[in-house]
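*Asks:* The structure follows.
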Amino acid sequence: MNAIEFHNQLLDLKHSLERFAYSLTLNNANAMDLLQETFLKALMNKEKYVVNENFKAWTFTIMRNIFINTYRRGLHRNTYMDVNRESFFVTQAKEDYSGNPDSTYSALEITQHIEKLKEPHRTPFKLLISGYKYKEIASYLNLNIGTVKSRIYFSRKQLMNQLSR
């Protein structure tokens, strides 16, 4: 397959690739970025394409792999190590409240209400919002998982009542 045929086949798949990119990203801008990266990667690796193989499957695989790798890269950026009694990896988006004074006030107000919770309910709830899973909290506090879930449930219920006033 010569370069012109390769480019024509790639352009013929543009509409299908756009739809697939949108189904992966659920965002038009991100879908267009993914499409552009896919075209670039396909063009850079056209010598790796085996003639008479399924060209559409080859390009869709490139797109899917780019999407997965980008997603994984994003997870690594948002993962940090929290060391207490045991070590856990916690993945969560880092939020920046510095630009919005209303958000800062709300976060501070919520934190004050969390601190007013009674001790048996406060610690599991704080661990949960720090990113720990129920099972991790249960082993850390040496409690049954059902106890942890009920304490967190009652903490949420109490916070909602306090904050709705």
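*Asks:* Of everything in the stretch 33-44, what is in contact (Cβ under 8 Å) with a residue 12 or more places away in the chain and farther than 14 Å from Glu5 by Cβ? Give them in sequence order. If you could, list the steps in order and put the result at the bottom.
*Replies:* Looking only at the stretch 33-44, we keep the residues that are in contact (Cβ under 8 Å) with a residue 12 or more places away in the chain, and these are 34-35, 37-39, 41-43.
Residues satisfying the conditions are Leu34, Leu35, Glu37, Thr38, Phe39, Lys41.
*Asks:* Mind checking which residues of the stretch 6-31 are without any contact (Cβ under 8 Å) to a residue 12 or more places away in the chain and closer than 18 Å to Phe67 by Cα?
*Replies:* Answer for the stretch 6-31, where residues must be without any contact (Cβ under 8 Å) to a residue 12 or more places away in the chain and closer than 18 Å to Phe67 by Cα: His15, Arg19, Tyr22, Ser23, Leu26, Asn27, Asn28, Ala29, Asn30.
*Asks:* Every residue in the stretch 32-48 that is assigned to a helix (DSSP H, G or I), more than 13 Å from Thr70 (Cβ to Cβ) and more than 22 Å from the chain's Cα centre (by Cα), please.
*Replies:* Of everything in the stretch 32-48, those that are assigned to a helix (DSSP H, G or I), more than 13 Å from Thr70 (Cβ to Cβ) and more than 22 Å from the chain's Cα centre (by Cα) turn out to be Phe39, Leu40, Ala42, Leu43, Met44, Lys46, Glu47, Lys48.
No lab work stands behind these numbers, since they all come straight from the coordinates. No experiment lies behind these values; they were computed from the predicted model shown. For neighbour counting, all protein chains shown are included, and Cβ atoms are generated from backbone atoms with ideal geometry for every residue, glycine included.
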